[in-house]
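Taking it in order: structure first as structure tokens, then the write-up.
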């Protein structure tokens, strides 16, 4: 743990002085998202945060990509804040907040207190991380409240899938990352996919996920963690089965966009779940799919209604 902390300190401190001096000289308005002003120092802080939470070092060749990612994440968060204000909706579970805080720290192999120290050492207010987590939790609660009536799951579909898996003694799990891009016209699909694959080849899957993916997983480089095969649709499961470890899947066209997976690893586990546990897992998975689709479509609708100006 100490080794990782030392690395983070060493790579970020030089960046801190460069960016800090630039911000002090000219901390002017960078852009507005609706009625919300964003200064250059806001973008500097966003870059610091990205580097800390992804455990990356700063280098000049990453500068443009980091800037693009910082702008993208700032815009997305401010748009969500505007919609939350419009609906005057602010609800979240303190337990969920603490879980997410711990998850973020664990992702870079530290505890929350150490993460606070890392932020302080790089002159980044830890409340920025806390506020970002709260915005996401508020947004998720708003989406649930707005679309909860759409969460009707056909029991026949669940029953059929239970029959298929109830006698399984072993279960496959996949460690995967995703990129989701907007759907395109059919005659433009092939060149779009070729362009995306070329970008992945030159820039890396995780970097392309951060800059291009419309999924909520984009800020984590598309990382979805370990996924149980039983919660996957047949279309996605088939694509994963036929994708070697370390490779990317064929594009999968879904209602919410065009999906490409990277299969990072796979493993086989004993199936120790009861039928009731399997059922709950399947139902929750289907509900999450619906909510994620509604979240993407609702964000897109709000995004198109908000003016963004750069200065």
Condition check for residue 240: touching a strand residue (DSSP E or B) at 6+ places or on another chain (Cβ under 9 Å) and part of a helix (DSSP H, G or I)
yes
Residues located in the range 83-113, provided they are surrounded by 16 or more Cβ atoms within 10 Å (Cβ to Cβ) and at pLDDT 95 or above:
83, 84
Of those in the range 40-83 that are without any contact (Cβ under 8 Å) to a residue 12 or more places away in the chain and over 18 Å from residue 30 (Cα atoms), the residue nearest to the chain's Cα centre (by Cα) is 62
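Could you please find all residues in the range 183-197 being in contact (Cβ under 8 Å) with a residue 12 or more places away in the chain and either in contact with a helix residue (DSSP H, G or I) (Cβ under 8 Å, 6 or more places away or on another chain) or farther than 16 Å from residue 214 by Cα (or both)? Please lay out each step first, then the result.
So in the range 183-197, the residues in contact (Cβ under 8 Å) with a residue 12 or more places away in the chain come out as 183-184, 189, 192-193, 196-197.
184, 189, 196, 197 - these are the residues of the range 183-197 that are in contact (Cβ under 8 Å) with a residue 12 or more places away in the chain and either in contact with a helix residue (DSSP H, G or I) (Cβ under 8 Å, 6 or more places away or on another chain) or farther than 16 Å from residue 214 by Cα (or both).
Only one of 19, 66 is at pLDDT below 85, in contact with a helix residue (DSSP H, G or I) (Cβ under 6 Å, 6 or more places away or on another chain) and crowded, with 17+ Cβ neighbours inside 10 Å; which?
On the way: 66 fails: at pLDDT below 85.
Answer to the check: 19.
If the requirement is being closer than 19 Å to residue 176 by Cα and either out of contact with any helix residue (DSSP H, G or I) (no Cβ under 9 Å at 6 or more places or on another chain) or part of a helix (DSSP H, G or I) (or both), which of these qualifies: 269, 296, 291, 259? I'd like the intermediate steps shown before the answer.
On the way: 296 fails: closer than 19 Å to residue 176 by Cα; 291 fails: closer than 19 Å to residue 176 by Cα; 259 fails: either out of contact with any helix residue (DSSP H, G or I) (no Cβ under 9 Å at 6 or more places or on another chain) or part of a helix (DSSP H, G or I) (or both).
None of the other options fit; the residue is 269.
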Output yes when any residue across the range 202-210 is out of contact with any helix residue (DSSP H, G or I) (no Cβ under 9 Å at 6 or more places or on another chain), in contact (Cβ under 8 Å) with a residue 60 or more places away in the chain and part of a helix (DSSP H, G or I), and no when none is.
no
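The values are calculated or read from the model by the stated rules, or taken from the named source; none is laboratory data. Here the structure is a predicted model, which means the values were calculated and not measured. Because the Cβ atoms are built from the backbone with ideal geometry, glycine has one as well, and the counts that use them run over all protein chains shown.
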